[in-house]
Amino acid sequence: MDLRENDANEVKVYEKSGKIEPEATKKKWKNTNFLDSFSFAVTGIKTAFAEERNMRKHAVSAFLVLVAGLVFKVSIVEWMMLALCVFLVITFEIVNSAIENVVDLASDYHFSMRAKKAKDMAAGAVLMVSILAIIIGMLIFLPKVWALLF
């Protein structure tokens, strides 16, 4: 248990899992069945798109990939590769955002080199998978664009 004092010298009691709350409010955050788990997951995805600027950029990129795939009539294997890349980038961005939020919470929003390193590494993972997506996109679309132009 951790005791922390706020500016008004009031003591608040915290547990490892956060602020102690009445039993009735704890239950609404507990996954009791598949639908609850699914609902929390969908809420997480919605939150990522609503609050993270890069998620909206990835959504625009995914839409452009979809349009390009339709225009160039890519094969089923190419569609699978494009879908894999889109979902990987979006998934890594969600994980990156979650890591950033947890690090901010753990560091109490104060600068720390360890917090910076964790956030930089998570961002680096998104960069790596984004580079892979660009390479695969180029391998699929450049020959088709080349054939169209020449």
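Does Arg56 satisfy the criteria of being modelled with pLDDT of 85 or more, basic (Lys, Arg) and open to solvent by 80 Å² or more (accessible area, probe 1.4 Å)? So Arg56 fits the description; yes. Residues that are surrounded by 18 or more Cβ atoms within 10 Å (Cβ to Cβ), of a type in the set (A, V, I, L, M) and either under 21 Å from Lys117 (Cα atoms) or in contact with a strand residue (DSSP E or B) (Cβ under 8 Å, 6 or more places away or on another chain) (or both) within the stretch 86-104 comprise Val89, Ile94, Val103, listed in sequence order.
Kindly establish whether Lys116 is open to solvent by 40 Å² or more (accessible area, probe 1.4 Å), under 23 Å from Ala41 (Cα atoms) and either touching a Lys or Arg at 6+ places or on another chain (Cβ under 6 Å) or basic (Lys, Arg) (or both).
Values: open to solvent by 40 Å² or more (accessible area, probe 1.4 Å): yes; under 23 Å from Ala41 (Cα atoms): no; either touching a Lys or Arg at 6+ places or on another chain (Cβ under 6 Å) or basic (Lys, Arg) (or both): yes.
Judged against the criteria, Lys116 is not a match.
Just one of the listed residues (Ala68, Ala83, Ala123) is open to solvent by less than 90 Å² (accessible area, probe 1.4 Å), in contact with a Phe, Trp or Tyr (Cβ under 9 Å, 6 or more places away or on another chain), small (Gly, Ala, Ser) and at pLDDT 95 or above, namely Ala68.
Scan the stretch 119-150 for residues that are more than 20 Å from Arg53 (Cα to Cα) and not aromatic (Phe, Trp, Tyr) and report the count. Residues that pass the stated criteria total 14. For beta carbons closer than 7 Å, sequence separation of 6+ or different chains, a first residue in the stretch 78-107 that is in contact (Cβ under 8 Å) with a residue 60 or more places away in the chain and a second that is aromatic (Phe, Trp, Tyr) and open to solvent by 80 Å² or more (accessible area, probe 1.4 Å), there are no qualifying pairs. When the stretch 126-135 is examined, which residues are found to be within 17 Å of Met80 (Cβ to Cβ) and open to solvent by less than 30 Å² (accessible area, probe 1.4 Å)? Listed by number, the residues that qualify are Val129, Ala133. Remark: pairs (first residue in the stretch 118-140, within 13 Å of Ser61 (Cβ to Cβ) and touching a residue at least 60 places away in the same chain (Cβ under 8 Å); second residue among the hydroxyl-bearing types (Ser, Thr, Tyr) and crowded, with 18+ Cβ neighbours inside 10 Å; Cβ separation under 7 Å; 6+ apart in sequence or on different chains) are absent.
The values are calculated or read from the model by the stated rules, or taken from the named source; none is laboratory data. All values reported here derive from a predicted model rather than from experimental measurement. Cβ: placed from backbone, ideal geometry, glycine included. Neighbour counts: every protein chain shown. When the accessible area is computed, the model is the full protein with side chains, heavy atoms only, and any ligands, DNA or RNA have been set aside. Shrake-Rupley method; radii C 1.70, N 1.55, O 1.52, S 1.80 Å.
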